[in-house]
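One structure below.
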Amino acid sequence: MDTIFTRGLSLNLRLTLALAMSVMLIVLDYKIDAFSTTRVFLNSLISPVQYLANLPGQLLNVSAQRLTSQQALISENEQLTNHILLLNEQLQRFEVLEKENAELRRLLGAPVRKDMRKLVAELMAVDNTPYSQQIVINKGAIDGVYLGQAVLDERGIVGQVMEVGTTNSRVLLISDVTHSIPVRSIRNNSRFIATGAGVIDELFLTHVPHSTDVEVGDVLVSSGLGEVFPEGYPVAEVTQVLRDESRPFAQVKVVPRAHLNRIKYLLLLWPESAPTEPELGEEGESDD
Amino acid sequence: MIKVRHYAIALSLLVAMVFQIIPVPVQVDLYRPDWVLIVLSYWVMALPHRANVGVAFVSGLALDLLLGTAMGVHSFALSVSIYVLAANYQRLRNYSVWQQAVIIGVISALYHSLLYWLLRLLTDVAFRFEELWPVLTSMALWPWMFWLLRKVRRQLRIT
């Protein structure tokens, strides 16, 4: 580029430099995972943009709340009260069952399941890169969120925490292509691995032999084998089983139980195996 | 006034990033134009000594953080796309806005294919044709952004 504007490095050199640095960063980040600690700091640095982008939606929410009619509020209240009544009735039975289950487990010598800490988080942003399925939630290292933590909604498992920032964190959904979750069928306890298909409402089971007993409508719950997700939460439902003998494995499509495209409130879980001291939280503070 | 003049390019890029990540319904999300690419393209064509491959690289890094991709993926794709424009800016300036819109479409297609190829190297993502919708919406957005940013540039006398 021979113009009067040329200053400093030539354009070609700049491109070479930028590309070399990009490639270096990709290798560092993806292959060696060198950014796992600095990302906390970088994410906190960039989070104002996220809050800014979230503002119009929040304003809309607030104004919608202000403008709802009394009629709508009354009917909603009634609906929720009824719902609570029904849930409480179930809870009464559940308490008895839980006690009974604990006693039976004690008789068998199996470890008794304990209750765990929970926290409600809210959705902040959905990632719009078409090739990855991620969301951002409004709880971070300050609240004790840790890497690999299980995230649920009211219907089932949503995903796991993949990056922790100071006040927000990024969740990898179970439908992402890079995500797999160990599951077990409620009907006959057969175990599978459910892998994301890269589409928001589809997962598939990998390496299922043709002879496996799996049917459309089977409900799959987390098996707790990977020690990432706690045991027994619903994950998905089988929608299609294709037993094509010319292929090495049966092709099983499942639909996630959680409404991954309609998430608003989420639940964070702290199972017993969770790190008691949030390791990333301290690093995030020392970075600042 | 002097302050705004100095930071106008950075501010416009910041606004573009907000538009890039603002949450919208899934159905609309598919058609989201490449805001950052369009704003950068304008500045590269108008003031190639101010915005260049370096600025593209830095905005790409910010996009990587905002979108949660591996560091360097967006900066790679943006640097290459902006390089093509910066190398030909004298020719592109003389085109009409509609011809420029077609060029932006081509650049946007290049940008998306680069992104896909890089992510394909890292994970096994599958290509879907719906992911090229932003090429068309970016083309449609270009004339309006061109007029808006030219107005900003002349009003603030950014050089």
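Count Lys and Arg as plus one, Asp and Glu as minus one, and take only other residues whose Cβ is under 11 Å from that of A:G159; the net charge is then -1.
Suppose a student asked you for the relative contact order of segment A:93-225, using Cα pairs under 8 Å spaced at least 6 residues apart; what percent would you report? Show your work: numbers first, answer last.
Values: 222 pairs, mean separation 20.4, N = 133.
Here the relative contact order equals 15 percent.
When peptides B:43-54, A:170-181, A:187-198 are ranked by their average number of other Cβ atoms within 10 Å per residue, the highest-first order is A:170-181, B:43-54, A:187-198. Look at the stretch B:115-127: the mean tally of other chain Cβ atoms within 10 Å of its residues' Cβ atoms is 4. Residue-wise HN-Hα couplings along segment A:155-167, as the Karplus relation 6.51 cos²θ - 1.76 cosθ + 1.60 with θ = phi - 60° gives them from phi, are 10, x, 6, 9, x, 9, 5, 10, 9, 10, x, 5, 10 Hz; Gly and Pro carry x.
Separation of the alpha carbons by more than 22 angstrom is noted, of A:K114/A:K253; A:K118/A:K139; B:K3/B:K151; A:K118/A:K264, for A:K114/A:K253.
Using a/c under 1.5 as the rounded threshold, could you call segment A:119-233 rounded, prolate or oblate? The axes a ≥ b ≥ c are square roots of the C-alpha gyration tensor eigenvalues, and prolate needs a/b larger than b/c, oblate otherwise. Here segment A:119-233 falls in the prolate category.
What is the average number of partner chain Cβ atoms found within 10 Å of a Cβ in B:12-21?
3
Could you rank the peptides B:73-85, A:222-234, A:147-159 by their average count of other C-beta atoms within 10 Å per residue, with the highest value first?
Values: B:73-85: 25.2, A:222-234: 17.2, A:147-159: 21.1.
Per-residue Cβ counts within 10 Å, averaged per peptide and sorted highest first, yield B:73-85, A:147-159, A:222-234.
Over the protein assembly as shown, DSSP H runs of length four or greater, each weighted -39,500 (n - 2.57), average out per residue to a 222 nm ellipticity of -16500 deg cm²/dmol. Per-residue shielding of A:192-204, expressed as the average number of other chain Cβ atoms within 10 Å of the residue Cβ, stands at 1.
Highest mean first, the peptides A:14-25, A:76-87 sorted by other C-beta atoms within 10 Å per residue fall in the order A:14-25, A:76-87. Couplings 3J(HN,Hα) of segment A:102-115, computed from phi: 4, 5, 4, 5, 5, 4, 7, x, 8, x, 7, 6, 9, 6 Hz, in residue order, whole Hz [Karplus 6.51 cos²θ - 1.76 cosθ + 1.60, θ = phi - 60°; x for Gly and Pro].
Summing charges over neighbours of B:A109, with a neighbour being any other residue whose Cβ is under 12 Å away from its Cβ, gives -2 when K and R count +1 and D and E count -1. Alpha carbon centre of segment A:79-130 versus segment A:187-224: separation in Å? Answer, in whole Å: 23.
Computed about its Cα centre, the charge dipole of segment A:159-288 is approximately 880 debye, with only Lys, Arg, Asp and Glu carrying charge at their Cβ.
Indicate the gyration tensor shape class of the protein assembly as shown (rounded, prolate or oblate), computed on the Cα atoms with a ≥ b ≥ c the square roots of the eigenvalues: a/c under 1.5 is rounded; otherwise a/b larger than b/c is prolate and the rest oblate. It comes out prolate by the Cα gyration axes. The HN-Hα couplings worked out from phi for segment A:136-151 by the Karplus form 6.51 cos²θ - 1.76 cosθ + 1.60 (θ = phi - 60°) are 10, 10, 8, 10, x, 4, 4, 7, x, 5, 10, 5, x, 6, 7, 10 Hz, whole numbers, x standing for Gly and Pro.
Annotation: amide H of A:E163 within the under-5 Å range of A:R170, sequence separation 5 or more or interchain, hydrogens built in the peptide plane.
Could you give the DSSP H helices of chain B that reach 27 angstrom or more along their long axis (alpha carbon positions) and whose average Kyte-Doolittle hydropathy is no lower than 1.0?
Numbers: long enough: B:2-21 (29 Å, 1.52); B:97-122 (37 Å, 1.35); B:133-156 (34 Å, 0.27).
Once both thresholds are applied, what remains is B:2-21, B:97-122.
Considering Cα pairs under 8 angstrom that are at least six residues apart, work out the relative contact order of chain A and quote it in whole percent. Mind showing how you got there, number by number?
Values: 480 pairs, mean separation 50.1, N = 288.
Value for chain A: 17 percent.
Add +1 for every Lys or Arg and -1 for every Asp or Glu among the other residues with Cβ under 11 Å from the Cβ of B:I9, and state the total.
Numbers: positive: B:R5, B:R50, B:R153; negative: none.
In short, +3.
Let me have the relative contact order for segment A:158-288, percent, based on Cα pairs under 8 Å that are six or more residues apart. Walk me through the numbers on the way to the answer.
Details: 251 pairs, mean separation 25.7, N = 131.
Relative contact order here is 20 percent.
In debye, nearest 20, what is the charge dipole magnitude of the protein assembly as shown about its Cα centre with +1 on Lys and Arg Cβ and -1 on Asp and Glu Cβ, if you could check? All intermediate terms of the calculation are to be shown ahead of the outcome.
Values: 38 positive and 42 negative charges, 450 e Å.
The calculated dipole for the protein assembly as shown is roughly 2160 debye.
Which shape class, rounded, prolate or oblate, goes with segment A:49-119 when its Cα gyration tensor gives a ≥ b ≥ c as root eigenvalues, a/c under 1.5 marks rounded, and past that a/b bigger than b/c marks prolate? Judged from the Cα gyration tensor, segment A:49-119 comes out oblate (a/c at least 1.5, b/c at or above a/b).
Since every read-out is calculated from the coordinates, none of them should be taken as a lab result. Remember, predicted model here, so these are calculated numbers, not experimental data. Please note: Cβ atoms are built from the backbone with ideal geometry, for glycine as well, and neighbour counts cover all protein chains shown.
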